[in-house]
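All of the numbers you see were taken from the coordinates with simple rules; none came from a lab. Because the structure is predicted, anything quoted here is derived from the model rather than measured. Heads up, the Cβs are rebuilt from the backbone with ideal geometry, glycines too, and the neighbour counts pull from every protein chain shown.
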Ligand code: PRP
Ligand code: URA
């Protein structure tokens, strides 16, 4: 699948297994959500630039490589919040933007209830994080907003994708890379991912529908 990078590493797949298991309690769910986010975000940053810089170690001068790029982290509330701690641990200087989107329970179409994006410019590399890409409706709404600022690049980090969501995103934004732990089978009649992991937001925040 073009522009879809599946992280098949054992640590990622192990974390995904705990997240999928309906018997995983909230403590473990939060733990493995954090762990898988770290893994996926590292993958998402793999193709980034370095800048060679002269520094002094306690022993002497050396030239070393620092990560280079104007990264911005945009996360889709609520479930995307779970990916923020890992993102800020990796790049603590990143500005963070939020888009509050909630799928209507009947139609599965997301409506916006909050929007607070940092300044996005033509040299921004925007990492868009949301653990679930189901119909793709929430992601498309987010990408449309971000792309109106013409950033240098947008990358999507998600835990599980449905093929329907990938297709929808790539129909409109063919160049965007999606970094994920799994591409599942399809969606059920309520637009939940099969087999998926259920409702990520409810499991992570301890709510019920
Ligand atoms: C979930 C999930 C995504 C969205 C994906 O959020 O976190 O944002 O659904 O579905 P889509 O691809 O069909 O748009 P939800 O609307 O349940 O809100 P929540 O994060 O507050 O639980
Ligand atoms: N949102 C979720 O949390 N899970 C799904 O399967 C689909 C959307």
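When residue 23 is tested against (1) away from ligand 1 (no atom under 16 Å from the Cβ); (2) under 29 Å from residue 208 (Cβ atoms); (3) touching a residue at least 12 places away in the same chain (Cβ under 8 Å), only condition (3) is not met.
Residues are listed down the side, and each one gets a yes or a no for (1) in contact with a helix residue (DSSP H, G or I) (Cβ under 8 Å, 6 or more places away or on another chain); (2) closer than 23 Å to residue 199 by Cα; (3) in contact (Cβ under 8 Å) with a residue 12 or more places away in the chain:
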{"site": "37", "(1), (2), (3)": "yes, yes, yes"}
{"site": "54", "(1), (2), (3)": "no, no, no"}
{"site": "66", "(1), (2), (3)": "no, no, yes"}
{"site": "96", "(1), (2), (3)": "yes, no, yes"}
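Conditions (1) within 13 Å of the chain's Cα centre (by Cα); (2) under 19 Å from residue 41 (Cα atoms); (3) part of a helix (DSSP H, G or I); (4) free of Cβ contacts under 8 Å to residues at least 12 places away in the same chain, marked per residue:
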residue: 100; (1), (2), (3), (4): no, no, no, no
residue: 111; (1), (2), (3), (4): no, no, no, yes
residue: 126; (1), (2), (3), (4): yes, yes, no, no
residue: 138; (1), (2), (3), (4): yes, no, yes, no
residue: 141; (1), (2), (3), (4): no, no, yes, no
residue: 154; (1), (2), (3), (4): yes, yes, no, no
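Residue-wise test of (1) within 20 Å of residue 201 (Cα to Cα); (2) away from ligand 2 (no atom under 16 Å from the Cβ); (3) crowded, with 20+ Cβ neighbours inside 10 Å.
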site	(1), (2), (3)
66	no, yes, no
71	no, yes, yes
87	yes, yes, yes
90	no, yes, no
104	yes, no, no
111	yes, no, no
129	yes, no, yes
133	yes, no, yes
142	yes, no, yes
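Within the option set 193, 166, 176, being away from ligand 1 (no atom under 12 Å from the Cβ) and touching a strand residue (DSSP E or B) at 6+ places or on another chain (Cβ under 8 Å) holds for one residue only, 176.
Being more than 13 Å from ligand 2 (Cβ to nearest atom) and either farther than 20 Å from residue 140 by Cα or in a loop (DSSP other than H, G, I, E, B) (or both) is a condition met by at least one residue of the range 178-200.
Among the numbered conditions (1) surrounded by fewer than 19 Cβ atoms within 10 Å (Cβ to Cβ); (2) more than 12 Å from ligand 1 (Cβ to nearest atom); (3) within 21 Å of residue 149 (Cα to Cα), the only one that residue 100 does not meet is (2).
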